[in-house]
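**Student:** Attaching a single structure in structure tokens format; questions to follow.
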């Protein structure tokens, strides 16, 4: 295995790379794409932050002047082939609600487990963005941030 492949494999095993491989096949047999987190959701002592990987810290320039950001993250705890195949749900997991397609809901089960939350920026220090909160678990991988 080439050194870059060994590093990627080690990062994948450590949970730093999402289980998608360029040139591989998804659940439908279609090609999938490779993504690596740019940071992680951290929650401690009643505070919530996005900790950006050090190599991406220069991308934070100007974030401190924003009142809010959109955080795209990965529903990593739902990433199984079975859960990716779920295409209809009862909203809020309530069987009394009529069944709807996952694209018409906020369900955490979907073909691609990308989530989106709008967060108020409280402060930016070094590679840490303190936010008011996020609908994600601690240690959730962050894919991108948008103004």
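The values are calculated or read from the model by the stated rules, or taken from the named source; none is laboratory data. Predicted model only: the values in this text are computed from it and were never measured. Reconstructed Cβ throughout: ideal geometry from the backbone, glycine too, with neighbour counts over all protein chains shown.
**Student:** Report, by residue number, each residue of the range 65-94 that is surrounded by 12 or more Cβ atoms within 10 Å (Cβ to Cβ) and part of a helix (DSSP H, G or I).
**Tutor:** 76, 77, 78, 83, 84, 91
**Student:** Name the single residue that is nearest to residue 136 (Cα to Cα) among those in the range 34-61 being in contact (Cβ under 8 Å) with a residue 60 or more places away in the chain and exposed (fewer than 11 other Cβ atoms within 10 Å of the Cβ).
**Tutor:** Among them, the one singled out is 44.
**Student:** Out of everything in the range 132-147 that is surrounded by 12 or more Cβ atoms within 10 Å (Cβ to Cβ) and in contact with a helix residue (DSSP H, G or I) (Cβ under 9 Å, 6 or more places away or on another chain), what residue ends up being farthest from residue 42 (Cα to Cα)?
**Tutor:** Per the criteria, the residue is 145.
**Student:** Just checking, how many residues over the range 104-147 are over 15 Å from the mean Cα position of the chain (by Cα) and without any contact (Cβ under 8 Å) to a residue 40 or more places away in the chain?
**Tutor:** 4
**Student:** Pick out the one residue from 123, 117, 67 that is at pLDDT 95 or above, more than 13 Å from residue 145 (Cβ to Cβ) and out of contact with any helix residue (DSSP H, G or I) (no Cβ under 9 Å at 6 or more places or on another chain).
**Tutor:** 67
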